[in-house]
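Rule-based calculations on the coordinates, nothing more; no lab input. The structure presented is a predicted model; accordingly, all values stated were derived computationally and were not measured. When we count neighbours, we look across all protein chains shown, and the Cβ atoms used for this are built from the backbone with ideal geometry, even at glycine.
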């Protein structure tokens, strides 16, 4: 028996696995002492997201169709990184692949648990500055649109509910606060 805080895990059985996620069934004793079950989604990669920001407070977002949602989504450049590699290396790769940008300065702004009631997915978000531009090199299975816009316009899109991606919303709100309090300079 394994103890996880006030929970006791009696058994764990993996029910499904892909290169990206696994789903396991847990027989547990909950904090009240009652037997129960818990399903856990394990994400094999770390999520990374980047707000590229130039000296004029412009940023870049990518649009793509998100299969699980059945909808098109505008988002900051984001993707997955191997857990055994530094997250910043993955962020640098994603920014170069998706929008063709490399950056001199990187500021980590958030470390998030994305859905901690059912999964262990973690995300680390960055601001990238001192930008140099190249051709994007998206993965073979990505069909991305890219858009340059003032950061203030992206903030307005978030506030109007036009952007629903959690990494984008969290990163935009944090960057807005950092710009307001002066802890982030253009």
> With the chain treated as a Gaussian network of Cα nodes joined by springs under 10 Å, which of 128, 170, 91 yields the largest mean-square fluctuation?
Replying inline: 170
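Tell me the mean residue ellipticity at 222 nm calculated for the chain from its helices only (DSSP H runs of n ≥ 4, each -39500 (n - 2.57), averaged over every residue, nearest 500). Spell out each step's value before the answer.
On the way: 3 runs with 38 residues, N = 186.
Value at 222 nm, helices only, nearest 500: -6500 deg cm²/dmol.
What Kirkwood Rh does segment 2-43 have if only Cα atoms enter the pairwise 1/r average? Answer in Å. Let's see the in-between values first.
Working: mean 1/r = 0.0930 Å⁻¹.
About 10.8 Å, per the Kirkwood formula over Cα pairs.
Residue 17 to residue 140: FRET efficiency via 1/(1 + (r/R0)^6), r the Cβ-Cβ distance, R0 25 Å, to the nearest 0.05? Don't skip to the answer; put the middle values down first.
Working: r = 23 Å, r/R0 = 0.92.
Here the calculated transfer efficiency is 0.65.
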> Seen from all sides and averaged, what is the projected area of the convex hull of the Cα atoms in segment 36-186, in nm²?
Replying inline: 10.1 nm²
> What percent does the relative contact order of segment 1-72 come to when contacts are Cα pairs within less than 8 Å and at least six residues apart?
Replying inline: 19 percent
>> Among 69, 173, 159, which one shows the highest mean-square fluctuation when the chain is modelled as a Gaussian network with alpha-carbon springs under 10 Å?
In response: 69
> Given a cut-off of under 8 Å on Cα pairs at least six residues apart, what relative contact order in percent is computed for the chain?
Replying inline: 21 percent
